[in-house]
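J.: Got a structure for you, written out below as structure tokens; questions coming shortly.
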Amino acid sequence: MDLVDVWPLFGLTLRTPRLELRLVRDDDLPALARAAIRGIHDPAIMPFAHPWSDAPPEVLRRELARHVWRERAATAPDGWTLLFAVVEGGVPIGIQDVRGTKFSTLRTVSTGSWLTASRQGAGLGVEMRAAVLAFCFDRLGAEVAESGAIDWNGSSLGVSRHLGYVENGEKRVVTREHQVEREVLLRLERDRFVRPDWTLEVDGFDDAVRAQLGI
């Protein structure tokens, strides 16, 4: 018996031409903490509804670990969050997440992500999002994917539009204390997904994983 027998999701891996996406393991946490601490965005702005990246390094690394452990422990057939470590050349450089609530009925997922600043601008944001969308639509049977971004976050909105999302409303969110922002909500139906010119490779998607996700 190994760790995958205990927690089958640890065997799930997605591969694109440049990236490997695998469920975050504890061994990935130091590298992911370093990637986040090196910087994700201009400190003068806050792209996240929860301003976790403002935390000092000693707090950020602990809270990152708590977040990973909390989401892992909450995994259940009626609600789950898959936190994929985004790995380039063997080095974790960010996280791409996928959330499902009552997925077997709603067939809807939502996504979020972050990427260390030094690897932004090379098309990796599109590649990592396209990977999880292809997985969700083709393997999980999702019908709709949702996302959102603050209205000034052109990079995130650009990734979504590149892949076929359309605007689906807006909401007001508080990022930093007393700082109200407009979040653009986005929706992508399966038949509108603008697919990449490569084929996603998937390992470890077996009956045990389907059972964990309630599929």
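J.: Just need the relative contact order of the chain here, percent rounded to a whole number, with Cα pairs under 8 Å and 6+ apart.
T.: 25 percent
J.: I would also like to ask the following. For segment 109-209, what relative contact order do you get, as a whole percent, if you take Cα pairs closer than 8 Å and at least 6 residues apart?
T.: 28 percent
J.: Within segment 1-125, what whole-number % of the accessible surface is contributed by carbon and sulfur, with the 1.4 Å probe and all protein chains included in the calculation?
T.: 55 percent
J.: Let me ask you something else. Hey, what D do you get for the chain in µm²/s if you plug the Kirkwood alpha-carbon radius into Stokes-Einstein at 25 °C and 0.890 mPa s?
T.: This corresponds to a translational diffusion coefficient of 139 µm²/s.
J.: Follow-up question, since we're still on this one. Spin-label point model (7 Å from Cα, Cβ direction): what's the residue 143 to residue 91 distance in nm?
T.: Placing both labels 7 Å along Cα→Cβ, they lie 4.3 nm apart.
J.: Convex hull over the Cα atoms of segment 92-215, averaged projected area in nm²?
T.: 8.9 nm²
J.: Between 196, 77, 56, which gets the highest mean-square fluctuation from a Gaussian network model of the chain, Cα cutoff 10 Å?
T.: 56
J.: Out of 85, 117, 142, any idea which swings most in a Gaussian network model of the chain, alpha carbons joined below 10 Å?
T.: The residue with the greatest mean-square fluctuation here is 117.
J.: Quickly work out the residue 203-to-residue 170 label distance, labels modelled 7 Å from Cα along the C-beta direction, and quote it in nm with one decimal.
T.: So the label points at residue 170 and residue 203 sit 4.5 nm apart.
J.: Rolling a 1.4 angstrom probe over the protein heavy atoms, how many square angstrom per residue are accessible across segment 118-215?
T.: Spelled out: the 1.4 Å probe surface of segment 118-215, per residue, equals 52 Å².
J.: Sequence gap at least 6, Cα distance under 8 Å: using those rules, report the relative contact order of segment 169-215 to the nearest whole percent.
T.: So the answer I get is 24 percent.
J.: Could you tell me the calculated FRET efficiency between residue 3 and residue 41, based on Cβ-Cβ distance and R0 = 35 angstrom, to the nearest 0.05?
T.: That pair, residue 3 with residue 41, gives E of 0.55.
J.: With only alpha-carbon pairs counted, each pair once and no self-pairs, how large is the Kirkwood hydrodynamic radius of segment 1-120 in angstroms?
T.: 15.3 Å
J.: Something else now. If I ignore ligands, DNA and RNA and count only protein heavy atoms, how much of residue 198 is accessible to a 1.4 Å probe, in Å² to the nearest 10?
T.: 50 Å²
J.: Heads up, I need the accessible area for residue 206: 1.4 angstrom probe, whole protein in place, Å², nearest 10.
T.: That residue has around 70 Å² of solvent-accessible surface.
J.: Still on this model: Tell me, rounded to the nearest percent, the portion of alpha carbon pairs in segment 106-148 spaced more than 17 Å apart.
T.: Roughly 37 percent, once rounded to a whole number.
J.: Once ligands and nucleic acids are excluded and a 1.4 Å probe is used, how much of residue 102 is accessible, expressed in Å² to the nearest 10?
T.: The accessible area of residue 102 comes to roughly 120 Å².
The values are calculated or read from the model by the stated rules, or taken from the named source; none is laboratory data. No experiment lies behind these values; they were computed from the predicted model shown. Every residue, glycine among them, receives a Cβ derived from its backbone with ideal geometry; neighbour counts consider all protein chains shown. Side chains are part of the model used for accessible areas, which takes the heavy atoms of the whole protein and leaves out ligands, DNA and RNA. Shrake-Rupley method; radii C 1.70, N 1.55, O 1.52, S 1.80 Å.
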